[in-house]
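Okay, so here's the structure we're looking at.
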Amino acid sequence: MTTLRNKDSYGGYGDRREGDRREGDRRKDESVQSERLAFTGRIAASIAHEIRNPLGNVSMSVQQLKEAFTEDSPWYKHIEVIIRNTERINFLITELLNCARPPELNIRPSDMHEVIENVLDSIRGSLSTQRIEVIKKFDSKLPIINVDREQINRVFLNVIINSIEAMPEGGTMTISTSIEKDLFVVKIQDTGEGIREEDIIKIFDPFFSTKSTGVGLGLSITYGIVVSHGGRIGVESIWKRGTVFTISLPIE
């Protein structure tokens, strides 16, 4: 993961040295990120299991309690509130565990442009409501690669929703694809509010969110899915100007 910087001009050997330095920085950042996520994941998994067991007892008990009341009872609606909230907590625990463990993959050949188009179709209403223009710059080569289609669909959906939420007053989202050596590369760029430089390194951490309503698990899960496919995901951003997420997946 790298922060967007102003590019200086180098020549000859300087270009190669700068390129080597940036590659070294990228690998170091990825190593630190992986270690931090692994440590956080182990703690999260332990806590999640400790919560899930008593939560299951609460859920079963309240379901039995519900059967003791009719729908016109003043207690019935309170019991339903408890049930809805236990289901919500259980969902969050599941998401937390998804951050902590690699997903089981159902690998099969998939048309990546089709996957992206399906994601865009599923959120067409949000794009229209928030007056977001989508520009597609797809590589002319048909990108059929072996992935878990459902999981990669979730990756693109999470990143695109993140971009939409960064543009509450409308804007432009540019989705470009390319084949770079043995990688299929997707760049999702928005003209939103951007990410502060001090937050870049934390953007994939569990429970980190700059949104008041965010839980902070979406991008953590996204990171885990991409890494489980042998790929990588990075983010570049300029505060108040926009953000670019780059997802690179191996073709073979």
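What follows is calculated from the coordinates using simple rules that are stated; it is not laboratory data. This is a predicted model, so every value here is computed, not measured. Cβ: placed from backbone, ideal geometry, glycine included. Neighbour counts: every protein chain shown.
Kindly flag which residue pairs out of Lys141/Lys202; Lys202/Lys240; Lys137/Lys240; Lys181/Lys202; Lys141/Lys211 have an alpha-carbon separation exceeding 27 Å in this structure.
Check vs 27 Å cut-off fails for Lys141/Lys202; Lys181/Lys202; Lys141/Lys211.
Which shape class, rounded, prolate or oblate, goes with segment 93-207 when its Cα gyration tensor gives a ≥ b ≥ c as root eigenvalues, a/c under 1.5 marks rounded, and past that a/b bigger than b/c marks prolate?
Note, shape of segment 93-207 comes out oblate.
For Lys77, which lysines qualify as cross-link partners when the Cα separation must be under 17 Å and same-chain residues fewer than eight apart are set aside?
Straight-line reach from Lys77, under 17 Å: Lys66.
Using only alpha carbon pairs under 8 Å that are at least six residues apart, calculate the relative contact order of segment 107-250 and give it in whole percent.
24
In whole Å, what is the distance between the alpha-carbon centres of segment 198-238 and segment 61-102?
If you average the Cα positions of each part, the centres end up 28 Å apart.
Rule-of-thumb check for segment 209-252: C-alpha Rg over 2.2 N^0.38 Å?
Relative to the 2.2 N^0.38 Å estimate, segment 209-252 comes out at 1.36.
What does the highest-first list of 200-206, 91-97 look like by mean Cβ count within 10 Å?
Final packing ranking: 200-206, 91-97.
Could you compute the FRET efficiency for Glu50 and Ser73, with r as their C-beta to C-beta distance and R0 at 41 Å, rounded to 0.05?
0.75
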